[in-house]
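Heads up: the structure comes next, in structure tokens.
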Amino acid sequence: MKVFVYIEHYDEEIAPISREAIGAAKNQLDADVTALIFGSEADEVAEQAFQWGADNVIACDDDSLDSGLTEAIAPIVVQILQDEEPDAFIAGASIAGKDLCAWVAYDLETGYVADVVDLKVENDRIVATHPVYAGKLRCDAVIPDGLQVISLRNRAFVPLEQDEDAEEGDIDYVDPVVDEDDLTTTVEGIEEKGGGVSLTEASIIVSGGRGVGGPEGFEPVRKLAEALGGALGSSRAAVDAGWIPYAHQVGQTGKTVSPDLYIACGISGAIQHQAGMNTSKLIVAINKDADAPIYKLAHYGVVGDLFEIVPALTAEFERRLS
């Protein structure tokens, strides 16, 4: 099977979600992987792509693509896919990746399966498993004919081990398809937010909900996250109440996460919240309400006052991890 993978990269570093996409194509599909790389310094990114398991690279080394605008990149991807006719096109289910997949599927008049959490091959077609009904069920989807377009949920797949001595394959260079002057959007600059661990890339997340009682109630939750080297999350109720910024929201209308450990503090577990974190490897719930829905999803539950339990956990983790 021949699979093309879109590579997101920042500061000449391949994004974790793209490393996972290469790993999924190799591990789950046993595919020959071609990495698609766009923007300046493509050679450096291509070298990393080979180290993470790519067999070949197609690159457009042009600084007009550094902004990552879909309207600049998508026409090149469409042209490459038309010329090369791979079996599948895969990207990470980031904002950029999902936008690109939708554009490609529309232009090539084919199907698109989004937010996929498992892959396998049956009868020479990819069976893509993805959550439906706000995460209540999982559905196996197959695109019966033509190019298969798929985006993968962050942290749902394991990347290959990086091989810094990997031999480099072929790099084919292509030219931009859209002139920079014809783009309808101009990126004047990118401001990077500092501090904290990225929710979508975190292996450990500690979240607070309505049960924290107010902005100050997030302090013990924040300290536990810091003790574990994790990210701070929240439910929609806490965000709507103005207790914490939207950037921390986990759920159907927030971030979708799949950490190794998710600790829910004072979160009842509405289905909208579960939709954003139900693929976490290990879920721990802390809530004084023994009948809270979150306990039906959690692997471990602690019934009690989070303001007693969370500081005690933090102190014990700090002692053991020191």
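Computed from the coordinates by the stated procedures, all read-outs in this text should not be read as laboratory data. What you see is a predicted model, and the numbers here were worked out from it, not measured in a lab. Please note: Cβ atoms are built from the backbone with ideal geometry, for glycine as well, and neighbour counts cover all protein chains shown.
Structure above, values below:
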read-out	value
Antiparallel DSSP beta bridges within the chain, percent to nearest 5	25 percent
Dimensionless Rg over Rh [the chain; C-alpha; Kirkwood]	1.01
Along each principal axis, Cα extent of the range 204-321, largest first, Å	36, 28, 25
Gain on full stretching of the segment that runs from Thr110 to His299 - 0.36 nm per residue minus C-alpha separation	64.1 nm
Residues Cys139, Cys101, Cys265, sorted so that the one with the fewest Cβ neighbours within 10 Å comes first	Cys139, Cys101, Cys265
Förster-model FRET efficiency, 30 Å R0, Val121 and Ser198, C-beta, rounded to 0.05	0.45
Diffusion coefficient, µm² s⁻¹, Stokes-Einstein with Kirkwood Rh over alpha-carbon pairs of the range 2-182 at 20 °C and 1.002 mPa s	133 µm²/s
Cα centroid of the range 235-278 to Cα centroid of the range 20-40, whole Å	30 Å
The range 61-163: proportion of alpha-carbon pairs further apart than 24 angstrom, %	27 percent
Distance (nanometres) between label positions extended 7 Å along Cα→Cβ at Thr129 and Asp170	3.6 nm
